[in-house]
Amino acid sequence: MKPPPFEYRSAHDSAEAVNLLTEYGDDAKILAGGQSLVPLMNFRMARPSVLIDINQTHDMTHIRADDGHLVVGAMTRQRVLERDQTAGSAVPLLPAALAHSGHTTNRNRGTFGGSLAHADPAAELPTVLVALGGELTVQGPSGKRTVPAEDFFLAPLVTSLEYNEILLSARLPRLPQGTGVRVEELARRHGDFAIVSVMAAVHLDSNGRADLVRIAAGGVDSTPIRLHEAEAQLSGTALDDAGIDAAAVAAADSVHPTDDVHGSASYRLEMVRVLVARAIRSAITHQKEGHR
Amino acid sequence: MSDKHTITVTVNGHVYTDDCEARMTLADFLRRQCGLTGTHLGCEHGVCGACTVFLDDVAVRSCLTFAVQADGARISTVEGLAEGDELNTLQKSFQEHHGLQCGFCTPGMLICATELLRDNPNPTETEVREGISGVLCRCTGYDGIVKSVMAAADSQRDGVSESGSIS
């Protein structure tokens, strides 16, 4: 349960990290909070020959909100983000999701960008990014590029990052004041990875019609999945019971889970249906009760 | 390949300088190089929480942090909790309310509970259970641990109101 030997390099900013990645190539891995990478190394499932530590950088640790968006630096600790009022008021789905992400001690050290770049399909932060249509900013040797969340996550633990690119930050659209949010997560124990998670954000206009519906599911496919069909069915409606139930069926039709030790594919499909309906109803209640 | 580094850390107020391989975890450095075996290693992959220590005042799992990353940092371990020869309020509470059985998880429980009570001096039982949820007690003695933390919160409140030093 000790990691194999590796060479340790510490980068002082994102540009130096990119240079080191370019120098060492595929043998190098970025070390952020280490909450996923180090267990994999201790199990000898990952054997990078070089670790590039970005804990000493200062250009990737920020939380900024403007009228339209929230921008979070990749090295922002999850616990800091969870408790940040600017982030919580711009995107209340973030603290709600982070409460399910491991335990306090994991979030104390674990980073926002680390969870995204690790790309576990059952992890909470990637599911939030997909649900809200976030965008990720990555830096390579020739500059920055922006990738929509749905194009960033490619497969379990696989992203569209090139070997010499680093995740700098992610940008999330600010949710309208009063948006109701809900995270429904099925896990064996609190803090475990989700067997199935569903994240929902709903906003009803003054006529009681949904002018914003965002839903995504985690743990049920090779990446987090935005439930576009269910969103389309619910948008512009009064979100009545029959409509919610029908959208939940459509949601289950649009994911492709597999069997594993935690649950069968058919069980996961059934849970997607149940949790989508539950998340939408809870998000409506959340808006009506005015919790912000 | 052996990537050696020399690091200096301040642990419980004492300065330690020593060599370590890059792959040495902070937990192993504390136990072997500093001789501080109060920090326990259970699973060594970030699940059991027994190795939790304060790294610059933040509770982290020392089996998931490399010693070389802690160069220059301030660390507190379970050995640093007592006030001289006197157990602190939380430790006394664990003693009085049967907060430990075999004692293996105790260092992690104490560090997590210390952080919890620092950030939230009036926790509910649910908040205490969530606060220690990252540490596994294989004796399953959670009730005693939760009682100990709740009682320590009570004692700290009484202490503050008696001395009137809250402001």
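Restricting attention to region A:229-248, does a residue exist that is out of contact with any Phe, Trp or Tyr (no Cβ under 7 Å at 6 or more places or on another chain), among the hydroxyl-bearing types (Ser, Thr, Tyr), closer than 29 Å to A:Leu157 by Cα and part of a loop (DSSP other than H, G, I, E, B)? Scanning region A:229-248 turns up no residue that is out of contact with any Phe, Trp or Tyr (no Cβ under 7 Å at 6 or more places or on another chain), among the hydroxyl-bearing types (Ser, Thr, Tyr), closer than 29 Å to A:Leu157 by Cα and part of a loop (DSSP other than H, G, I, E, B). Scanning region B:90-141 for residues that are within 11 Å of chain A (Cβ to nearest Cβ) and acidic (Asp, Glu), we see that the one that is surrounded by the fewest Cβ atoms within 10 Å (Cβ to Cβ) is B:Asp119.
Table: residues versus (1) crowded, with 19+ Cβ neighbours inside 10 Å; (2) of a type in the set (S, T, N, Q); (3) touching a residue at least 60 places away in the same chain (Cβ under 8 Å).
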| site | (1), (2), (3) |
| --- | --- |
| A:Asp67 | no, no, yes |
| A:Ala74 | yes, no, yes |
| A:Leu98 | yes, no, no |
| A:Gly102 | yes, no, yes |
| A:Thr111 | yes, yes, yes |
| A:Leu125 | yes, no, no |
| A:Ala131 | yes, no, yes |
| A:Gly140 | no, no, yes |
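Restricting the search to region A:10-43, which residues are at pLDDT 95 or above, among the acidic types (Asp, Glu) and either surrounded by fewer than 16 Cβ atoms within 10 Å (Cβ to Cβ) or under 22 Å from A:Asn108 (Cα atoms) (or both)? Listed by number, the residues that qualify are A:Asp13, A:Glu23.
Between A:Ala248, A:Ala279, A:Ala283, the distinction of being within 22 Å of the chain's Cα centre (by Cα), in the same structural domain as A:Ala230 (by TED's automatic domain parsing) and free of Cβ contacts under 8 Å to residues at least 60 places away in the same chain belongs to A:Ala248 only. Scanning region B:28-46 for residues that are touching a residue at least 12 places away in the same chain (Cβ under 8 Å), among the polar types (S, T, N, Q) and outside any helix (DSSP H, G or I) yields a single hit, B:Thr39.
The set of residues from region B:77-112 being small (Gly, Ala, Ser), touching a helix residue (DSSP H, G or I) at 6+ places or on another chain (Cβ under 8 Å) and farther than 18 Å from B:Asp158 by Cα comprises B:Ala82, B:Gly99. Does A:Leu40 satisfy the condition of being closer than 23 Å to B:Ala70 by Cβ, of a type outside the set (Val, Ile, Thr) and within 11 Å of another protein chain (Cβ to nearest Cβ)? In short, yes. Within the option set B:Asp56, B:Asp71, B:Asp19, being modelled with pLDDT of 95 or more, within 22 Å of A:Arg107 (Cα to Cα) and more than 10 Å from every other protein chain (Cβ to nearest Cβ) holds for one residue only, B:Asp56. Of the candidates B:Gly72, B:Gly49, the single residue that is assigned to a loop (DSSP other than H, G, I, E, B) and surrounded by fewer than 16 Cβ atoms within 10 Å (Cβ to Cβ) is B:Gly72. Filter region A:8-31 down to residues that are away from chain B (no Cβ under 11 Å) and aliphatic (A, V, I, L, M) and give me whichever is farthest from the chain's Cα centre (by Cα). Of everything passing the filter in region A:8-31, A:Leu20 is farthest from the chain's Cα centre (by Cα). So, A:Asp241, is that one acidic (Asp, Glu) and under 22 Å from the mean Cα position of the chain (by Cα) or not? It is false that A:Asp241 is acidic (Asp, Glu) and under 22 Å from the mean Cα position of the chain (by Cα). Only one of the listed residues (A:Asp53, A:Asp67) is of a type in the set (D, E, K, R) and within 11 Å of another protein chain (Cβ to nearest Cβ). That residue is A:Asp53. Flag not set for B:Thr10, criterion: modelled with pLDDT of 95 or more, more than 22 Å from A:Gly34 (Cβ to Cβ) and either out of contact with any Cys (no Cβ under 9 Å at 6 or more places or on another chain) or within 14 Å of chain A (Cβ to nearest Cβ) (or both). Consider B:Gly144 carefully, then state whether it is in contact (Cβ under 8 Å) with a residue 40 or more places away in the chain, surrounded by fewer than 24 Cβ atoms within 10 Å (Cβ to Cβ) and part of a helix (DSSP H, G or I). It is true that B:Gly144 is in contact (Cβ under 8 Å) with a residue 40 or more places away in the chain, surrounded by fewer than 24 Cβ atoms within 10 Å (Cβ to Cβ) and part of a helix (DSSP H, G or I). Residues in region A:84-114 that are over 17 Å from A:Gly180 (Cα atoms), out of contact with any His (no Cβ under 9 Å at 6 or more places or on another chain) and within 14 Å of chain B (Cβ to nearest Cβ): A:Ser101, A:Gly102, A:Thr104, A:Thr105, A:Asn106, A:Arg107, A:Asn108, A:Arg109, A:Gly110, A:Thr111, A:Gly114. Comparison of B:Pro107, B:Pro121 shows that the only residue that is assigned to a loop (DSSP other than H, G, I, E, B) and either modelled with pLDDT of 95 or more or in the same structural domain as B:His45 (by the TED database) (or both) is B:Pro121. Entry remark, region A:179-191: residues being in a loop (DSSP other than H, G, I, E, B) and buried (at least 16 other Cβ atoms within 10 Å of the Cβ) number 3 in total. Taking the condition closer than 26 Å to A:Gln35 by Cβ and more than 14 Å from chain A (Cβ to nearest Cβ), does B:Leu30 pass? For B:Leu30, the condition - closer than 26 Å to A:Gln35 by Cβ and more than 14 Å from chain A (Cβ to nearest Cβ) - is met.
The values are calculated or read from the model by the stated rules, or taken from the named source; none is laboratory data. This is a predicted model, so every value here is computed, not measured. FYI the Cβ positions are ideal-geometry reconstructions off the backbone, even for glycines, and counts take in every protein chain you see.
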